[in-house]
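Here is the structure we will look at.
The values are calculated or read from the model by the stated rules, or taken from the named source; none is laboratory data. These numbers come from a predicted model, not from an experiment. All Cβ positions, glycine included, derive from the backbone under ideal geometry; neighbour counts span all protein chains shown. Accessible surface is based on the protein model in full, side chains and every heavy atom, while ligands, DNA and RNA are left aside. Shrake-Rupley method; radii C 1.70, N 1.55, O 1.52, S 1.80 Å.
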Amino acid sequence: MELLLYLVGVAALIFGGVKLVDKFATPSTKLIFTGVFWVLTFFLVYLIFNAVNDPIKFEKIKQKRYQAAVNKLQDIRKAQLAHKTIKGSYAANFNDLVSFIENEQFAIIERKDTSVIDVEKNATFRITVDETGTGGYFKDIVMLDTLGFVPVKDSLFKNSTRYKNLNEVKTDDFKADVVLDAKIIEKNDLKIPVFEAKIAKKKILRGLSPDLIQKELNIKKKVDEINGDHVILGSLEEINTNGNWPKKYGDNE
């Protein structure tokens, strides 16, 4: 709509300017009128250019910043899932999460499926067997053997130290804080740990067009966009470790 108004304005200015110059300008003032006319025309052309270019520029910067935010939340999800695996719950703050990454270890477990003599079942049916169990019942079991340990830091982040800054998203042109929380909720009489990490879209888009930012914050139901006013991972109300971003930014599950 804005672009259409600018185009109508340029057309009206050109048409009206030509008519006014022809009708009212004297030879001595015609040059002045013509100069003013062209200044106004170039100004409206500039406005038209911005009306077309600003949304394109906004979209490009937005996607770059959203990608950085999603990458950060994906790192947080990896760390939180590891925390739950080892500790049985999620970290409620970044100090605890970073300390966990730096100090805890994953156990390297070897799993073996095997069969053993089912002593109880054989006794129930009064079956006598030798040490080989021949003629009796067997049962399948899983044997777990701990082969060693590997630091969480090395397993999740290898040689990178980016885990030390999980509390913020930062690039050359913006910086935004990540808000983290965790708690225990009850579902079907079970106590289940949940967590949520979120980044305000307003902070991610800081410095861009206020009108376009507001339009972005008002997005509610678009499949290929991040709906709502935050980029969110997890939930404090539901059992959910998914993100609210579309697949074009990366895995959200």
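Distance from the Cα centroid of the range 137-179 to that of the range 182-253 is 22 Å (rounded to whole angstrom). Across the range 142-253 the C-alpha pair distances fall into 10 Å bins from zero in the proportions 12, 30, 33, 18, 6, 2, 0 percent. Projecting the Cα atoms of Leu147, Ile184, Asn227 onto the charge dipole of the range 97-251 (Cβ charges, centred on the Cα centre) puts Asn227 farthest toward the positive pole. In a reduced charge model with +1 at each Lys and Arg Cβ and -1 at each Asp and Glu Cβ, the range 128-181 shows a dipole moment near 320 debye about its Cα centre. Ranked by solvent-accessible area (1.4 Å probe, protein heavy atoms only, all chains present), the residues Thr128, Thr146, Thr85 order from largest to smallest as Thr128, Thr85, Thr146. For the range 168-208, the Kirkwood estimate of hydrodynamic radius, built from reciprocal distances between every pair of different alpha carbons, is 12.3 Å.
Measuring with a 1.4 angstrom probe and ignoring ligands and nucleic acids, Arg162 comes out at about 100 Å² accessible.
Across the range 219-230, computed HN-Hα scalar couplings (Karplus, 6.51 cos²θ - 1.76 cosθ + 1.60, θ = phi - 60°) run 5, 10, 9, 10, 5, 9, 10, 8, 7, x, 9, 9 Hz from first to last residue, x flagging Gly and Pro.
Could you order His83, His230 so the one with the most accessible surface comes first? Probe is 1.4 Å. Walk me through the numbers before you get to the answer.
Numbers: His83 20, His230 45 Å².
The most accessible residue leads, giving His230, His83.
Averaging over all projection directions, the Cα-based convex hull of the range 104-200 occupies 12.4 nm² in the image plane.
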